[in-house]
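The values are calculated or read from the model by the stated rules, or taken from the named source; none is laboratory data. Since the structure is predicted, the reported quantities are computational estimates derived from the model, not experimental observations. Backbone-built Cβ (ideal geometry, glycine too); neighbour counts: all protein chains shown. Heavy atoms of the whole protein, side chains included, go into the accessibility calculation; ligands, DNA and RNA do not. Shrake-Rupley method; radii C 1.70, N 1.55, O 1.52, S 1.80 Å.
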Amino acid sequence: QVQLVESGGGLVQAGGSLRVSCAASGRIFTINTMGWYRQAPGKQRELVATITSGGTKTYADSVKGRFIISRENAKNTVYLQMDSLKFEDTAVYYCNANLVDTSSLTYREYWGQGTQVTVSS
């Protein structure tokens, strides 16, 4: 089994910072891209940031300059450092990974359970 488990969410005041993490575990062969998505109430899930196995990063325009995505490949973990948080950043943040497990020869998408980030105005 492959699991992605997020942690680090919580309640923070606008302008504050928070770091969420996601650890992938299980019978993983290799991980390509990892990323963070978020879904606010009544809205579609949207991409926040991605990072490839080689370290190439992308960000949504709404978070560029405020959020930093990083990963530790040896730990199969991806992080999202969120600074200068705004009320509109409030959402459930989901971890995503494109990976191959030990029973498959193809890449598949996996999702974490989500962690709530609430920013008070």
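Here THR58 does not qualify as out of contact with any helix residue (DSSP H, G or I) (no Cβ under 7 Å at 6 or more places or on another chain), at pLDDT 95 or above, surrounded by 13 or more Cβ atoms within 10 Å (Cβ to Cβ) and more than 18 Å from ASP89 (Cα to Cα). Identify all residues within region 103-114 that are at pLDDT 95 or above and open to solvent by less than 30 Å² (accessible area, probe 1.4 Å); write none if there are none. Matches in region 103-114: GLY112, GLY114.
Taking residues in region 85-102 that are surrounded by 21 or more Cβ atoms within 10 Å (Cβ to Cβ), and partners anywhere that are of a type in the set (S, T, N, Q), the pairs with Cβ atoms closer than 6 Å and at least 6 places apart or on different chains are ALA91/GLN39; TYR93/THR115.
Each residue in region 38-55 was checked for being open to solvent by less than 50 Å² (accessible area, probe 1.4 Å) and not hydrophobic (A, V, I, L, M, F, W, C), and 4 pass. Between a first residue in region 41-63 that is closer than 21 Å to TYR110 by Cβ and a second residue that is assigned to a loop (DSSP other than H, G, I, E, B), which pairs have beta carbons less than 6 Å apart while being 6 or more apart in sequence or on different chains? Within 6 Å, the pairs are LEU47/ALA60; VAL48/ALA60; VAL48/VAL63. When GLY16 is tested against (1) outside any strand (DSSP E or B); (2) open to solvent by 80 Å² or more (accessible area, probe 1.4 Å), just one condition goes unmet, and that condition is (2).
Can you find, within region 61-84, the residue that is surrounded by the most Cβ atoms within 10 Å (Cβ to Cβ) among those that are modelled with pLDDT of 95 or more and aliphatic (A, V, I, L, M)? Applying the filter and picking the extreme gives VAL78.
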